[in-house]
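Beneath this line is the structure, given in C-alpha cells, with notes to follow.
The values are calculated or read from the model by the stated rules, or taken from the named source; none is laboratory data. Just so we're clear, the structure is a prediction, and the values are computed from it rather than from any experiment. With ideal geometry, Cβ positions are generated from the backbone for all residues, glycine too; neighbour counts draw on all protein chains shown. When the accessible area is computed, the model is the full protein with side chains, heavy atoms only, and any ligands, DNA or RNA have been set aside. Shrake-Rupley method; radii C 1.70, N 1.55, O 1.52, S 1.80 Å.
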Amino acid sequence: QMAHGRGVSDKGEQEKARKAVLKDEKLTDARLSPDGTKQVRRATINLNILHKAGFSKYPAPSIVLVSPLRRALMTATELFYGAVPRPRFVALETLREKRTGYAA
C-alpha cells in the first residue's frame, strides 16, 4: 500500500533532516541499539554453532582488532568474549569510521 509518491519538496526536507541527525551530539559514539544487540547475539550463536560443528574452515581468532567506537567494542566483545581460548582485544584508532565532521 502506498499513500502517495515522493513530492518534489520532500527530498530537500529529507536532506535537512538527515543533516540535523548527523550533527546530533547524542549520537556521537552511540551504543548498540536493542536491535543491534539482538543481531550480534544471533551472530554469536551462529558462529559458535559453526565452530563447534566443524563447519568453519577458520580457527577461532587469537586477536580481535576493533575500532574504539563503543558500538564496535560492544559488537566485538559480544561476539568473541566467551570464546575459548579468549582472544586478545586491541582497539585501534585507525579502524575508526572516516571522520566527516558530523557526530554520527
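Among the residues of region 13-47, which ones are touching a Lys or Arg at 6+ places or on another chain (Cβ under 8 Å) and at negative phi?
Hits for region 13-47 are 30, 31, 32, 36.
Taking the options 24, 35, name whichever one is within 30 Å of residue 90 (Cα to Cα), over 14 Å from the mean Cα position of the chain (by Cα) and among the acidic types (Asp, Glu).
Exactly one residue qualifies, and that residue is 24.
Can you name the residue in region 61-81 that is touching a helix residue (DSSP H, G or I) at 6+ places or on another chain (Cβ under 8 Å) and open to solvent by 50 Å² or more (accessible area, probe 1.4 Å) and is also farthest from residue 37 (Cα to Cα) among such residues?
Top of the filtered list is 65.
Name the single residue, out of those in region 27-60 being touching a residue at least 40 places away in the same chain (Cβ under 8 Å) and of a type outside the set (A, V, I, L, M, F, W, C), that is most open to solvent (accessible area, probe 1.4 Å).
Result: 31.
Quick one: what pairs do we get from region 69-84, first residue more than 18 Å from residue 26 (Cβ to Cβ), second basic (Lys, Arg), C-beta under 7 Å, 6+ apart or different chains?
Partner pairs satisfying both residue conditions: 78/41.
Residues to consider are 96, 18; find the one that is under 15 Å from the mean Cα position of the chain (by Cα) and among the basic types (Lys, Arg).
Only one candidate passes the filter, namely 96.
Restricting to region 18-38, give me the number of residues that are out of contact with any helix residue (DSSP H, G or I) (no Cβ under 9 Å at 6 or more places or on another chain) and either within 12 Å of residue 79 (Cβ to Cβ) or modelled with pLDDT of 85 or more (or both).
3
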